[in-house]
Amino acid sequence: MEKTFREAIKHRRSYYAIAQDSPVSDATIEEFVRWVVTYAPSAFNSQSGRIVLLLGEHHAKLWNIVADVLRKIVSPNAFAVTEKKINGFAAGHGTALFFEDESVVKGLQEQLPTYAENFPVWSTQSSAMHQFALWTLLDDAGLGVSLQHYNPLIDEDVRRTWNLPANWKLIAQMPFGAPTKEPAPKTFQPLDERIKVFK
């Protein structure tokens with residue numbers, strides 16, 4: 001089902017209704033992750049991006065963590081809506097966790113102090129490229145995908161559960177699964193207000 005590059009970018013959307021099925025194998029999904037981590041660009045070729053792929057019981061465990069953490073801070077009345085949303089993500093096939101290795105960022109800040117304040121920004125940009133690339137690959141393979149941000153609320157529980165390095169900073173969570181409902185049509189702001197061309 002591979003689309004052209006432009007078609008794949010255009011088709012990529014946020015799918016919130018997903019199921020446990022997957023049109024591709026776990027091995028293929030893992031290959032996508034490895035490809036993205038290998039080829040997505042980073043400032044100064046820092047390669048600071050890290051991805052943790054959670055499948056099966058590990059995927060379910062993540063969303064149990066999210067529910068447990070939010071249950072403690074969200075009022076019981078409001079939690080019903082929150083729980084429904086979390087259960088929707090948990091119903092999927094897997095989740096990719098995106099991290100940035102802060103030791104790499106700090107190392108570059110020390111090596112190149114002139115750019116020190118820029119490296120955290122460039123690190124975030126690098127993570128965004130990892131997210132966009134993997135999202136587009138998964139979507140092109142027929143999976144429904146969205147991007148979530150329950151960090152920093154879940155950071156410590158995630159780090160402890162999967163024994164991850166303390167210098168890995170959680171940036172985003174990407175649940176995915178077989179899409180069960182198409183997203184609503186997307187609206188666009190006028191391009192003339194967003195682009196300037198000088199010839």
*Could you figure out which of (1) without any contact (Cβ under 8 Å) to a residue 40 or more places away in the chain; (2) buried (at least 16 other Cβ atoms within 10 Å of the Cβ); (3) not hydroxyl-bearing (Ser, Thr, Tyr) isn't true of GLU156?*
(2)
*Elements of type helices (runs of 4 or more DSSP H) in region 58-152, at least 3 residues being surrounded by 13 or more Cβ atoms within 10 Å (Cβ to Cβ), touching a residue at least 60 places away in the same chain (Cβ under 8 Å) and among the hydroxyl-bearing types (Ser, Thr, Tyr)*: 119-140
*What are the residues in region 25-45 that are over 19 Å from LEU97 (Cα atoms) and either small (Gly, Ala, Ser) or open to solvent by less than 40 Å² (accessible area, probe 1.4 Å) (or both), if any?*
ALA43
*Considering (1) surrounded by 15 or more Cβ atoms within 10 Å (Cβ to Cβ); (2) closer than 25 Å to ILE29 by Cβ; (3) charged (D, E, K, R), say which one GLU182 fails and leave the rest.*
(1)
*Scan region 2-20 and report the pairs whose first residue is exposed (fewer than 14 other Cβ atoms within 10 Å of the Cβ) and whose second residue is charged (D, E, K, R), with Cβ atoms within less than 8 Å and a gap of 6+ or a chain change.*
GLU2/ASP140; HIS11/LYS3; HIS11/ASP139; HIS11/ASP140
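Any residue that is within 16 Å of HIS130 (Cα to Cα), assigned to a strand (DSSP E or B) and in contact with a strand residue (DSSP E or B) (Cβ under 8 Å, 6 or more places away or on another chain) - is there at least one of those in region 16-39?
No - not one qualifying residue is present in region 16-39.
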*Could you list, in sequence order, the residues of region 131-188 that are of a type in the set (Ser, Thr, Tyr) and more than 15 Å from the chain's Cα centre (by Cα)?*
THR161, THR180, THR187
*Condition met for LYS186 (modelled with pLDDT of 95 or more and more than 17 Å from GLY92 (Cβ to Cβ))*: no
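The values are calculated or read from the model by the stated rules, or taken from the named source; none is laboratory data. No experiment lies behind these values; they were computed from the predicted model shown. For neighbour counting, all protein chains shown are included, and Cβ atoms are generated from backbone atoms with ideal geometry for every residue, glycine included. When the accessible area is computed, the model is the full protein with side chains, heavy atoms only, and any ligands, DNA or RNA have been set aside. Shrake-Rupley method; radii C 1.70, N 1.55, O 1.52, S 1.80 Å.
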